[in-house]
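The values are calculated or read from the model by the stated rules, or taken from the named source; none is laboratory data. A quick note: this is a predicted structure, and the numbers were derived from the prediction, not measured. Every residue, glycine as well, gets a Cβ built from its backbone with ideal geometry; the counts of neighbours run over all protein chains shown. Keep in mind that these areas ignore ligands, DNA and RNA; they rest on the heavy atoms of the full protein, side chains included. Shrake-Rupley method; radii C 1.70, N 1.55, O 1.52, S 1.80 Å.
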Amino acid sequence: MSQVFVVDTKKQPLNPVHPGRARLLLTQGKAAVLRRYPFTIVLKGAVESPPVEPLRVKLDPGSKVTGLAIVNDATGEVVFAAELTHRGHAIKKALDGRRAVPRSRRLRKTRYRQARFANRSKPEGWLPPSLESRIANVLTWVKRLRRWCPIAVISMELVKFDLQQMEHSDISGVEYQQGTLSGYEVREYLLEKWGRQCAYCGMKDVPLHIEHIHPRAKLGTDRISNLTLACEPCNRKKGDQEVQVFLANQPEVLKRILAQAKAPLKDAAAVNTTRWALFERLKALGVPIECGTGGLTKFNRTMRGLSKEHWTDAACVGKSTPEQLHTTGVVPLLITANGYGNRQMCLMDKRGFPRTKPKQAQSVKGYQTGDIVKAVVTQGKKVGTYVGRVAVRATGFFNITTGAGTIEGISHRYCHPIYRVDGYSYQFGRRAVFPPVA
């Protein structure tokens, strides 16, 4: 079960406790709520020399979602799990819209303005804002977890595939190349490269076999550039034929397969670029870091019989993964990066002219848009209790978005803050069970 973080009177992290123990401390007045997401309590009394067990935070960086898990290496218990959804696509869309405004003015018969994009220099190690945002999200949450939990080691999936090991078996011996782990490395790479479908007929959601484009019976090699994926009927039908003979009546499919076999996996290369940048910034925190590959992660998860989730992948990152991982009852925290709003002073119309008034003050009556509040309305047409995110208005009458919809015109006098906006929104995922249920 997901545990509750605990800090002492000096805000130093202690061992996480069971939710029942945390509830008892709060009921007895020995602790107070420090944070709600993730739930953290602070003790009101000093504790003399408390025993603290070092924990390990594990990261599975992804292009859209990053898995996080805190694991106790001694017991194999998953203390905390989360899935962090990034906003790189939103940043890219916003930048494209902003870029279109001055460019559209240049195309019209207005005063000419020379383009500036060719006159700018980029610092060493520069990354696009959409990728930089993902690195900043992960780094922010690692720092936060270190403040509330005794983190001693970091494990992260540094690369998705060990390409050197797949291409050059003599790096660590033939046994590594042809062993069980190597099969997971190769299969994971091929699944990504060929879109998880049969290369010949395009069939999806069926068992796929690793297929040699140039058959081994005719001196074909095991190099990754000579491998593809095929469903069982296509695999049997092709047999030991040359791909040119097998696809003689399908020249378009043949051309696509030969081109894709030589093409690099650009998406994986981009993800690996950000992972290296993330690795360097995590290393600067001064915490020991263990690195693993995607193939090893899948191997660990399969051997332990865990379901495919972002947070379970994170719990299985690295060689340090305990033989038994206790995940029963763990409820992952679903974190979505929303940002802090728009810095643009006013919105534009399609011609690039302002269509709204300049932005008002960010804080109104002590509240900001995005705060989670509880409003208890005692009179008027909207009597009731509402809990949700608030959208502030200069008039002092706010809109509150709840699970049932948006309630408009709630006075700030009825609102009580529950959680201040921090650039993220939170939900809870489904409870983990064992064995996994399909």
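Every residue in region 29-64 that is closer than 21 Å to GLY429 by Cβ, open to solvent by 50 Å² or more (accessible area, probe 1.4 Å) and in contact with a Ser or Thr (Cβ under 8 Å, 6 or more places away or on another chain), please.
The one that is closer than 21 Å to GLY429 by Cβ, open to solvent by 50 Å² or more (accessible area, probe 1.4 Å) and in contact with a Ser or Thr (Cβ under 8 Å, 6 or more places away or on another chain): LYS64.
Just to be sure I understand, how many residues within region 244-270 are surrounded by 12 or more Cβ atoms within 10 Å (Cβ to Cβ), assigned to a helix (DSSP H, G or I), at pLDDT 70 or above and aliphatic (A, V, I, L, M)?
Residues meeting the conditions: 5.
Every residue in region 15-28 that is over 24 Å from ARG420 (Cβ atoms) and either touching an Asp or Glu at 6+ places or on another chain (Cβ under 6 Å) or surrounded by fewer than 16 Cβ atoms within 10 Å (Cβ to Cβ) (or both), please.
The answer is ASN15, HIS18, GLY20, ARG21, LEU24, THR27, GLN28.
Looking at ARG430, ARG413, can you tell me which residue is loosely packed, with under 13 Cβ neighbours inside 10 Å, in contact (Cβ under 8 Å) with a residue 60 or more places away in the chain and more than 29 Å from LYS93 (Cβ to Cβ)?
ARG430
Which members of region 274-295 meet the condition of being small (Gly, Ala, Ser) and open to solvent by less than 30 Å² (accessible area, probe 1.4 Å)?
Listed by number, the residues that qualify are ALA277, GLY292, GLY294, GLY295.
Restricted to region 201-243, and to residues that are small (Gly, Ala, Ser) and closer than 20 Å to LEU191 by Cα, which residue is least open to solvent (accessible area, probe 1.4 Å)?
Only one residue fits best here, namely ALA230.
To keep it simple, each residue is scored yes or no on (1) in a strand (DSSP E or B); (2) within 30 Å of LEU131 (Cα to Cα); (3) in contact with a strand residue (DSSP E or B) (Cβ under 9 Å, 6 or more places away or on another chain).
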| residue | (1), (2), (3) |
| --- | --- |
| LYS10 | no, no, no |
| GLY20 | no, no, no |
| LEU25 | no, no, yes |
| LYS58 | yes, yes, yes |
| THR66 | yes, yes, yes |
| ILE70 | yes, yes, yes |
| ALA74 | no, no, no |
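Within the bounds of region 339-351, is there any residue that is more than 22 Å from GLU77 (Cβ to Cβ) and among the hydroxyl-bearing types (Ser, Thr, Tyr)?
Within region 339-351, one or more residues are more than 22 Å from GLU77 (Cβ to Cβ) and among the hydroxyl-bearing types (Ser, Thr, Tyr).
Would you list the helices (runs of 4 or more DSSP H) that sit entirely within region 106-192 and hold 2 or more residues that are at pLDDT 65 or above and touching a Gly at 6+ places or on another chain (Cβ under 7 Å)?
129-148
Counting only residues that are among the hydrophobic types (A, V, I, L, M, F, W, C), farther than 20 Å from ASP73 by Cβ and in contact (Cβ under 8 Å) with a residue 12 or more places away in the chain, how many does region 278-310 have?
2
With the requirement that a residue be in contact with a Leu (Cβ under 7 Å, 6 or more places away or on another chain) and surrounded by fewer than 17 Cβ atoms within 10 Å (Cβ to Cβ), what does region 1-14 give you?
ASP8, THR9
Out of region 385-406, which residues are more than 31 Å from the chain's Cα centre (by Cα), closer than 21 Å to SER363 by Cβ and either crowded, with 19+ Cβ neighbours inside 10 Å or of a type outside the set (Lys, Arg) (or both)?
Matches in region 385-406: ALA394, THR395, GLY396, PHE397, PHE398.
Please go through region 411-429 and give me each residue that is of a type in the set (Lys, Arg) and under 21 Å from ALA136 (Cβ atoms), ordered by number.
Residue satisfying the conditions is ARG420 alone.
Inspect all residues belonging to region 358-367 and state whether any of them is surrounded by 11 or more Cβ atoms within 10 Å (Cβ to Cβ) and of a type in the set (A, V, I, L, M, F, W, C).
yes
Of everything in region 334-344 that's assigned to a loop (DSSP other than H, G, I, E, B) and modelled with pLDDT of 80 or more, which residue is most open to solvent (accessible area, probe 1.4 Å)?
Filtering first and then ranking leaves TYR340.
Quick one: how many residues across region 345-357 are open to solvent by 30 Å² or more (accessible area, probe 1.4 Å) and not in a strand (DSSP E or B)?
9
Any idea which residue in region 296-319 is most open to solvent (accessible area, probe 1.4 Å), counting only those that are under 23 Å from ILE135 (Cβ atoms) and touching an Asp or Glu at 6+ places or on another chain (Cβ under 7 Å)?
Result: HIS310.
Quick one: which residue in THR274, THR302 is among the hydroxyl-bearing types (Ser, Thr, Tyr), part of a helix (DSSP H, G or I) and within 30 Å of GLU124 (Cβ to Cβ)?
THR274
Picking from ALA46, ALA94, ALA69, which residue would you name as being at pLDDT 80 or above and under 18 Å from GLY423 (Cβ atoms)?
ALA94
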